[in-house]
Amino acid sequence: MKQYDLIIIGSGPAGYSAAIRALDYGLKICIIEGSHIGGAGIMNGALTSKTMYELSMDYSVAARTDRGYRSGSLSVDFRQVIKTVIDAAKEKQYQMLSQIETFSENKSKNGSLELVKGWAKFKDKNTVEVTSEEKTQLLHGKYFIIATGAKPRKAPGLEIDHERIIDSEDILKLKKFPERMLIIGSGIIGCEFATIFSNFKQTEVHLLDRANRVLPNEDDDVSDFVAKNLENNGVKVHHTAHLRTINKHKDHLEIILDYDAGNSKVIEVDVALVAIGRVPNTNKLGLENIGIETNERGNIEISDECLLHDENNHCNIYAAGDITGHTQLYSVAEFQGRLAAEKLADIPCYALDYSNMSTLMFFKPELASVGLNEKQLQERNIPHKVAFYSNQLINRAIAMRNTTGFVKVMVSTDEQPKILGMRAAGPQASAYIVSVAHLINQGNSLQEVLKIFYPHPSVAEGIQECLRTVSNKSIYKPAAFPELIKLKEWYPENKE
C-alpha cells in the first residue's frame, strides 16, 4: 500500500491549490482525479464557459455597424468555436500536468506530487480505495482533503438525456448551434449562457424566469438592468413562467409553460438547457466509513480552518471548495484549499472572511459585485446611502462608444462613512472591482478614499464620481441628470 503525507480527492481549484501549497512544506502528496484534471474550474465550467463568452463577445463586436466600419461576410463555425474552447482548457490542463511532473517523486527532493487517476472511496480515516478502468488499489494517507466539487443540479421530474435536454456539462458535446434553445433557470449560469448564445445570433434563445426577476438575489434595479440587456440582445425572457412539461418529438421539443397570471404558452425548441445551480459531489465517497454526515443540502460542513470534526474532536480530514456549501466561486475554492494545506502543516493561518468577496457575472455588459447590496443591508437593518452613477457620463466609456453600464455604491451613514458594497456593470468592471474590495477590507473612510487620484480617461472614474455623489461633491449633479445620477438613503425606521 502506497503511503502519503497528504491525499487530495479532486484536482479542481480547491484540490490543486491545496496540493501546490502543501508542496511548499515538503510533503509527499497524492492527487486523485476520476475525470478531467482541473475539475469544473477548467473543463465544463469556469474556463470553458468564459472562453466561449469571450468568443461570443468578439463576434458581437465584429457584427456591429455603428462604429464607422463593417465586417463583410461575417460567419461563425460552431465546431471551430468548440475546438477553440477545448484548446483553451487543454492549454491550462497541460500547464497543471507539467507542474505535477516537475515535482514527481523521482525528481523532487523536497516534497513530491503524484497524480492517480480513478475514483476514491474511504475505507477508514487513513485509507482510500481508488478504482479506475485498469485496476483497484489502496492508498494510505496521514491527512486528507476532500475537494470533489459540484455537478449540475437536476430539475425534479425532468430527465436529462444529454442530447436534447442537457445541462452545462453537455454544451461542448453539441454539434452545431441550436436554432432554438430554452434555458431553464435565470440565475448567473442561465443568464451567462443566454448571453453567449444570443451574442452569436445563430440561436433563438428563450429564458425561463420563474421568480419574475433574473438574478433574484440581486437588487431590483440590477436585476432589471440585466433583464433589459438580455432582451435587447434578442433573448425572450419568460417572466413568472413555470415549466409544466417537455414533450419530445422526432425533430423538436414542445415546451408547455404556465404563467402566474393564469395563462399558458406552448413553444417549440430544439434544445433545453437546465441551469438551476449545482449540487455537491459527495456520493460514492464512503463518508459513512469515516463517520461524516452531510447536511440537508448535501454539503460537508467545515470549521473556519476547513477541518472536519468527529465525535472525539480529533480529525485528520479537511474539505474545501464547492462541496463545503460556501459560495461556489473559483476564488473561494482556491483560498479554502490553500488554508487547509497551511493548517495541516501547522502553519499559523487566518480564518477566511466570506463577507466581501468579489464576484463576476459574464453578461453583456459584464457585471461585477463586492460586499452587500441593498436587500442584504435592509435585511440586517443597517442604515445606508446608495449612489448610482451611469456610464453615460464617463468620458472613457463615451470614447469607447460603450456607455451601457453603471456604478452603484452602498455606504454607511456614520460620521465617517465607509463603503459597504458596490455593483458595477460595463466595460472593465471585472478589472476594477477588486480595488473596491481592497477599500472595503481596509475599512477606509469615504473621506480617505476620495483623496485617491484616478487616471483619466478611465472607466474607473465612475467609482470616484459615484463616491463623490454620496458626499454631494460630484462634478455632474443629480438635478441636471436625474435618470443618470441617483442618491437615496435608507433607515430601519423607514422600512415601511
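The values are calculated or read from the model by the stated rules, or taken from the named source; none is laboratory data. Quantities reported herein were computed from a predicted structural model and do not represent experimental measurements. Every residue, glycine among them, receives a Cβ derived from its backbone with ideal geometry; neighbour counts consider all protein chains shown.
When each of Met57, Met52, Met96 is tested for being in a helix (DSSP H, G or I), surrounded by 20 or more Cβ atoms within 10 Å (Cβ to Cβ) and modelled with pLDDT of 95 or more, the lone residue that passes is Met52.
Of all residues in region 266-298, those satisfying the criterion of being over 20 Å from Ala150 (Cβ atoms) and at pLDDT 95 or above are Val266, Ile267, Glu268, Val269, Asp270, Val271, Ala272.
The rows are residues; the columns are (1) in contact with a strand residue (DSSP E or B) (Cβ under 9 Å, 6 or more places away or on another chain); (2) free of Cβ contacts under 8 Å to residues at least 12 places away in the same chain; (3) not in a strand (DSSP E or B); (4) not hydrophobic (A, V, I, L, M, F, W, C).
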| site | (1), (2), (3), (4) |
| --- | --- |
| Val205 | yes, no, no, no |
| Asn212 | yes, no, yes, yes |
| Phe225 | yes, no, yes, no |
| His238 | yes, no, no, yes |
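Take Glu105 and tell me if it is surrounded by fewer than 19 Cβ atoms within 10 Å (Cβ to Cβ), over 30 Å from the mean Cα position of the chain (by Cα) and in a strand (DSSP E or B). No; evaluated as a whole, the condition is false for this residue. Taken over region 453-471, the criterion of being free of Cβ contacts under 8 Å to residues at least 40 places away in the same chain and of a type in the set (D, E, K, R) is satisfied by Arg468 alone.
How many of the residues in region 337-368 are over 26 Å from Gly190 (Cα atoms) and not aromatic (Phe, Trp, Tyr)? Qualifying residue count, region 337-368: 16. Among the residues of region 231-246, the one identified as on the phi > 0 side of the Ramachandran plot and small (Gly, Ala, Ser) is Gly234. Residues considered: Leu450, Leu446. Of these, the only one that is without any contact (Cβ under 8 Å) to a residue 24 or more places away in the chain, farther than 26 Å from Lys364 by Cα and of a type in the set (A, V, I, L, M) is Leu450. The single condition among (1) touching a Gly at 6+ places or on another chain (Cβ under 7 Å); (2) free of Cβ contacts under 8 Å to residues at least 12 places away in the same chain that Gly39 does not meet is (2). Looking across region 245-287, the residues that are surrounded by 21 or more Cβ atoms within 10 Å (Cβ to Cβ) and touching a helix residue (DSSP H, G or I) at 6+ places or on another chain (Cβ under 7 Å) come down to Leu273, Ala275, Pro280, Asn281. What about Glu305, is it more than 20 Å from the chain's Cα centre (by Cα) and in a loop (DSSP other than H, G, I, E, B)? So Glu305 fits the description; yes.
Matching residues to (1) in contact with a Phe, Trp or Tyr (Cβ under 8 Å, 6 or more places away or on another chain); (2) among the charged types (D, E, K, R):
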{"residue": "Ile196", "(1), (2)": "yes, no"}
{"residue": "Arg210", "(1), (2)": "no, yes"}
{"residue": "Asp220", "(1), (2)": "no, yes"}
{"residue": "Asn233", "(1), (2)": "no, no"}
{"residue": "Lys250", "(1), (2)": "no, yes"}
{"residue": "Asp270", "(1), (2)": "no, yes"}
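Taking residues in region 64-83 that are touching a residue at least 40 places away in the same chain (Cβ under 8 Å) and not assigned by TED's automatic domain parsing to the domain that holds Ala397, and partners anywhere that are in a loop (DSSP other than H, G, I, E, B) and loosely packed, with under 11 Cβ neighbours inside 10 Å, the pairs with Cβ atoms closer than 7 Å and at least 6 places apart or on different chains are Arg67/Arg401. Within region 380-407, the residues that satisfy the criterion of being polar (S, T, N, Q) and surrounded by 20 or more Cβ atoms within 10 Å (Cβ to Cβ) are Ser390, Asn391.
Just one of the numbered conditions (1) acidic (Asp, Glu); (2) assigned to a loop (DSSP other than H, G, I, E, B); (3) in contact with a strand residue (DSSP E or B) (Cβ under 6 Å, 6 or more places away or on another chain) is not true of Asp5: (2).
Examine region 151-161 for a residue that is buried (at least 20 other Cβ atoms within 10 Å of the Cβ), farther than 30 Å from Ser60 by Cβ and touching a residue at least 60 places away in the same chain (Cβ under 8 Å), and state whether such a residue exists. Looking for residues that are buried (at least 20 other Cβ atoms within 10 Å of the Cβ), farther than 30 Å from Ser60 by Cβ and touching a residue at least 60 places away in the same chain (Cβ under 8 Å), one finds none in region 151-161, hence no. Going residue by residue through region 399-421, is there one that turns out to be within 27 Å of Ala227 (Cβ to Cβ), within 19 Å of the chain's Cα centre (by Cα) and free of Cβ contacts under 8 Å to residues at least 40 places away in the same chain? No - not one qualifying residue is present in region 399-421.
The combined condition, being in contact with a Phe, Trp or Tyr (Cβ under 7 Å, 6 or more places away or on another chain), crowded, with 17+ Cβ neighbours inside 10 Å and either assigned by TED's automatic domain parsing to the domain that holds Glu254 or part of a helix (DSSP H, G or I) (or both), is not fulfilled by Ile145. Taking region 433-443 as the range and being surrounded by 16 or more Cβ atoms within 10 Å (Cβ to Cβ) and in contact (Cβ under 8 Å) with a residue 60 or more places away in the chain as the test, the residues that pass are Ile433, Val436, Ala437, Ile440.
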